[in-house]
Amino acid sequence: MPAVRLIGPNNEQLGVVPTQRALAHAQDLGYDLVEIAPNSTPPVARILDFGKYRYAEQQKAKEAKKRQRSVTWKEIRITPKIDDHDIETKIKSAAKFLDEGDKLKVTVRFRGRELAHPDRGRVLLLQVAERLKDHGIVERMPLLEGRSMIMVMNPVRRDAQGAPAPQTAASTAPPAAAAVAQAAAPSAAAPKPAPAAAAAPKPTTAAPAPTPTRATTAAPPSAARPATTAPPAPSSPPPSAAPRKRTN
């Protein structure tokens, strides 16, 4: 290259100079001439200590690698006719993978005529997702691919969840004591009424004179409602005495 844009050891711009002149100037200062932007026109070169520059670049690469987090995939495979004990073991393993921050792929393998009933595999995968809801969330719902149905889950971010609030003495008190304390709180906070002597005197008004009322005498109980007696039943006439035969 015939010329380069030269940058000094203190980041000062020295302009476009011939390459041989830039190299000689770097040697005079006891530094190296390093090309930092070869694709620009003209190329950019900088006067610096190449050993320190390489060490700084290595440290930057290490820091960037620490911040990067590689995504690890884990997979569990189940069948539509899996036993309850076996699925418990699979769910424990899946929970462990999600807690470690790995992505999980749950696969249901159909064999033979089992492919005629894909709904069984979908229901099974949704049950697994429901039991793992505290450890991960579903990224992709169950999807049939060939003879397999696949569901993808992401781990729950623990750092985004808030720490549980500490229990206070009021929250740990028994229900009866808490109810008594709640009932006593308003009465304790209410202000005490002022004494009667300090109250402002109210104007007194004369009571109205009683109006005369007409005295009424109550009728005796017997006159209020005459007693009604049923008439006596007619008695049949006494039988006439039979004529006696007179004998001389």
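Here are some notes:
- All other residues whose Cβ lies under 9 angstrom from that of TRP73 are scored, Lys and Arg at +1 and Asp and Glu at -1, for a net of +1.
- Scaling the Cα radius of gyration of the stretch 28-116 by the globular reference 2.2 N^0.38 Å produces a ratio of 2.25.
- Cα gyration tensor category, rounded, prolate or oblate, for the stretch 17-72 with a/c compared to 1.5: oblate
- Which listed pairs, of LYS62/LYS96; LYS81/LYS105; LYS66/LYS133, have C-alpha distances above 25 Å, in listed order: LYS62/LYS96; LYS66/LYS133
- Applying 0.36 nm per residue to the separation of VAL71 and ILE137 and subtracting their alpha-carbon distance, the gain on full extension is 22.2 nm.
Here, each number is a calculation from the coordinates, and none is a lab measurement. Keep in mind that this is a model prediction, so the values were computed, not measured. Methodologically, a virtual Cβ is constructed for each residue, glycine included, from the backbone with ideal geometry; neighbour enumeration extends over all protein chains shown.
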